[in-house]
Amino acid sequence: MIQVKNVTAGYGMKPVVENISFDMEAGEILGVIGPNGSGKSTLLKCMYGALKPDDGEIIVDNKRLGAYTQKNIAKKIAVLPQQTDVAFSYTVRQVVELGRYPHQKGWFSFQQKQDEHIVDKALQETGVLSFSNHPMDSLSGGEKQRVLLARALAQEPDILLLDEPTNHLDISYQLNLLDTLKDWSKTKQLTVIAVLHDLNMAAMYSHRVLLLEDGRQKALDKPSVVMEKNRLEHVYQAHLERKEHPSVPSPLITLEPSSDTLERKRENVLDSLSIEKTPGHVCLMSPFHWKTFSSAVVGAGFGWHRYFVNRHVDKDYACDQPKQEYTAYLKKIGLDIDDTAAMMTAARLDDGAFVRMAGDNHDVFVYATAGTSNAVDVSKSYEYYSMNHTAGTINLWIFVAHRLSEAAYAQIMMTATEAKTKALMDYRIYDPKTKTLATGTSTDSVLVAALSEGEEIEYGGTITPVGKTIGKAVYDAVSRTLNHYLKRRSGNEI
Amino acid sequence: MWLACGCIFLLVSVVVGISVGSLSIPFHSSMNVLWTAVWPKEMPADISPTHAAIILDIRLPRVLLAALVGASLALAGAAFQGLLKNPLADPYTLGVSSGSALGAVIVLFFGLSLPLLGSFTLPVISIFSGFLTLLGLLGFVRFIEKTLSTETIILAGIIVSSFLGSLISLVIALTGDELRQIISWLMGSVSMRGWDYIWLILPFFIVGAVLLFANRKELNALVFGEETAKTLGVDTDKRRIIILAGASLLTGAAVSVSGTIGFVGLVVPHLVRLLVGPNHQLLLPMSMFAGSGFLVLTDLAARTIIAPTELPIGVITAVIGAPVFGMLLFQQRRTKTR
């Protein structure tokens, strides 16, 4: 379809792009990324014949681009420019009709029936037919962009080039535009080359990505391969983080402010936690946000929180929408929902245990509440239990005064769970139905909170330094709260 | 539909222009005379030979010349405005008129007559110097800033205009004799030119007009900027030169027969654009009709307002044009700062 072979081009003596090479198949979408001044637009200019390469060649349909007339290039390649202001007020239809220019022959050619049909179709496919007689300057930015897209479509190109097409557009228009292009690449076999500013847009919509740095081809491959954290950080000279997109299989690049803009934290961060106890709930408050991972009722998953609430509810608490009900409760006690991770328990809050433990260079703080009336042996649970959400019974909070990798979060959850199970066993807690030793209760919940800066702890398994401390602290905390619980129970029975 | 209106406007202007004057001639008589001139047959008896002579030898050439000059200037203006994406451009504000005038004045002053060109020396030199002025202006502006922005072009045009104007004044000062004649020529007039001038301007007008009409679609594309025009398949380098050449040809031809008549090229395309929109397929012919009709009527006003004294036609167009120019500038500024 289109081949770029060792293209070097520029405006003066010094080339702006150097030695760029790639091939494209029909229907492929190539995203071109790179910092400002890396030569993205210059490369694009070469591709539509506005700039002659100093060296190398571009081949379109087995013929050198230089051998085409400007008109014949326009029959094959259309360009969607960045927003341009136009001095005079053309109507939408007039603008789109310009797209037929390369297909009209002769000095005195007139609009043909067929041209009109193609213009109509282009107007329709971009959804601007309804205002085809409106003047261009009465439209919003997104609408204008769609009109220009219709004009490009009216050229009936095989290849569409876009120069930062989503600049100045609302995100809904950006997505709309790129969705349309993706669709056309499939249905019309349209080949798309798009210079994109937004790395995430490039990652989501491109089949392949070309990364430029100082005019040189730094990488060309699938987005997941090109967008490697260290490479991007080097090319863009910025701190960023790569995650996986939560709903589509593509990388997700997030930016980070440089660290001195973050709030300075106190030497011993665990000291800054304050605890507020009321009959209804226990609330742990922090002056800054912790990065938490939890199965809490409110604020589950990964999140940033500075209020941690464990609320006591009645054993028979039943509510169709516990999250909504809980949110209302938090509002009532004056906490910002977005900053809060909150759990529920039917256990008595008085039985709760706080354990603080110092490791080599990682202090750990654990809070646990427990009741065992719903104790379950997980290995047998498939025989007995039907799904039944009630308030949590053993709730665990683990605060680590350190930064953790995502792997460490997952491992700490395992470590904590194992420590909890061990404590249950040592206290001879039985599953009342199976009469076997319980491994937990049916509604346990756990939260791991850690810092956002400092050196990262990569692993949190059971024999890592932090894992050891956590194992001990969780075991102690669960044991203590079980102890209180069992004592009170036996006392009541007497 | 619009084109028909344009045609009718032009025809009515011509008939009115021929009939009205120090000696009023009834419309049907002038129609009859015109008809006989176009379609040779016996002159009807009820028309006096004097009337026929006045019409055919004095008024008709004058009116046709005004029409041709008006059409040339309006076409050139429309083309400049499209090419430079700027509603304030016209041959006069860009200094092209002054360039042509300087060329013409030099030819008059030295009594130049180039071999092979003969009586065409004046228009050819005039057109050529207009074109050179334009190239010089655009080169100057590009030297200042790459983007060829509206304001810079207008400012540079004013600089070029006044510079060339002073050169013209210098030539006039050196002339001594015929001072009044050259000055009144410079102020613009279509009076007492006769048929010769019509044959002089006509070939240049036809070539210029054909060049511009052939590029009406390219002009539409160029309004969106050179880069965009290129992506639409326009060979911009070639087309731009053709359009500039066509517009300079028209300007030079008009200036060489009638002196500098300002603002026609500015006001007419602008008003026409308000009426029919910016599409050059319609804008160019409509500007041509409206420009010619407008100048015929302006000339009519010039010779009847304080008859028997004639006002220079350039004075009237300037009186109408300058305020419109000011208004446009105001509007453009306001939309930009909004």
Within the range A:134-223, helices (runs of 4 or more DSSP H) holding 1 or more residues that are more than 22 Å from the chain's Cα centre (by Cα) = A:141-154, A:171-187
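Identify, from the list A:Lys105, A:Lys63, the residue that is within 14 Å of another protein chain (Cβ to nearest Cβ), among the charged types (D, E, K, R), farther than 23 Å from A:Leu211 by Cβ and surrounded by fewer than 21 Cβ atoms within 10 Å (Cβ to Cβ).
On inspection, the qualifying residue turns out to be A:Lys105.
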Checked the range A:152-190 for anything among the basic types (Lys, Arg) and touching a Lys or Arg at 6+ places or on another chain (Cβ under 9 Å); matches are none
Of the residues that make up the range A:179-190, is at least one more than 11 Å from chain B (Cβ to nearest Cβ), of a type in the set (S, T, N, Q) and in contact (Cβ under 8 Å) with a residue 60 or more places away in the chain?
-> yes
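Table: residues versus (1) surrounded by 15 or more Cβ atoms within 10 Å (Cβ to Cβ); (2) touching a strand residue (DSSP E or B) at 6+ places or on another chain (Cβ under 9 Å).
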| residue | (1), (2) |
| --- | --- |
| A:Ser89 | yes, yes |
| A:Lys113 | no, no |
| A:Val119 | yes, no |
| A:Leu160 | yes, yes |
| A:Ile171 | no, no |
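The rows are residues; the columns are (1) within 14 Å of chain A (Cβ to nearest Cβ); (2) closer than 22 Å to B:Leu167 by Cα; (3) buried (at least 18 other Cβ atoms within 10 Å of the Cβ); (4) at pLDDT 80 or above.
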residue: B:Ala89; (1), (2), (3), (4): yes, no, yes, yes
residue: B:Ser119; (1), (2), (3), (4): no, no, no, no
residue: B:Val124; (1), (2), (3), (4): no, yes, yes, yes
residue: B:Val141; (1), (2), (3), (4): no, yes, yes, yes
Among (1) surrounded by 17 or more Cβ atoms within 10 Å (Cβ to Cβ); (2) out of contact with any strand residue (DSSP E or B) (no Cβ under 9 Å at 6 or more places or on another chain), where does A:Cys319 come up short?
-> (1)
Yes/no for A:Ala341 being of a type in the set (A, V, I, L, M) and over 27 Å from the mean Cα position of the chain (by Cα) = no
Residue in the range A:308-316 that is surrounded by fewer than 16 Cβ atoms within 10 Å (Cβ to Cβ) and either at pLDDT 90 or above or within 25 Å of the chain's Cα centre (by Cα) (or both) present = no
Subset of the range B:286-319, residues surrounded by fewer than 23 Cβ atoms within 10 Å (Cβ to Cβ) and over 21 Å from B:Ser24 (Cβ atoms), comes to B:Pro312, B:Val315, B:Ala318, B:Val319
Can you tell which of B:Leu249, B:Leu211 is at pLDDT 85 or above, within 14 Å of chain A (Cβ to nearest Cβ) and part of a helix (DSSP H, G or I)?
-> B:Leu211
In this structure, is A:Gln145 at the interface with another protein chain (Cβ under 8 Å from one of its Cβ atoms) and either modelled with pLDDT under 90 or closer than 16 Å to B:Lys230 by Cβ (or both)?
-> no
Scan of the range A:131-158 for residues that are surrounded by fewer than 22 Cβ atoms within 10 Å (Cβ to Cβ), out of contact with any His (no Cβ under 6 Å at 6 or more places or on another chain) and farther than 16 Å from A:Gln94 by Cβ, ordered by number = A:Ser140, A:Gly142, A:Glu156, A:Asp158
Reported set for the range B:309-320 where residues are without any contact (Cβ under 8 Å) to a residue 60 or more places away in the chain and under 11 Å from B:Gly262 (Cβ atoms) is B:Ile316, B:Ala318, B:Val319, B:Ile320
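Only one residue in B:Leu64, B:Leu84 is modelled with pLDDT of 80 or more, buried (at least 19 other Cβ atoms within 10 Å of the Cβ) and more than 18 Å from B:Ile242 (Cα to Cα). Which one?
It is B:Leu64.
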Are any residues in the range B:266-308 in a helix (DSSP H, G or I), within 14 Å of chain A (Cβ to nearest Cβ) and without any contact (Cβ under 8 Å) to a residue 60 or more places away in the chain, and if so, which ones?
-> B:Leu271, B:Leu274
Name the residue, out of A:Thr69, A:Thr91, A:Thr42, that is in contact (Cβ under 8 Å) with a residue 24 or more places away in the chain and within 11 Å of chain B (Cβ to nearest Cβ).
-> A:Thr91
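Mind listing whichever residues of the range B:252-265 are in a helix (DSSP H, G or I) and either within 21 Å of B:Leu108 (Cβ to Cβ) or among the aliphatic types (A, V, I, L, M) (or both)?
B:Gly252, B:Ala253, B:Ala254, B:Val255, B:Ser256, B:Val257, B:Ser258, B:Val264, listed by residue number.
The values are calculated or read from the model by the stated rules, or taken from the named source; none is laboratory data. Quick caveat, the model's predicted, so the values are computed rather than measured. Quick reminder, even Gly has a Cβ in these numbers, built from the backbone with ideal geometry, and neighbours come from all protein chains shown.
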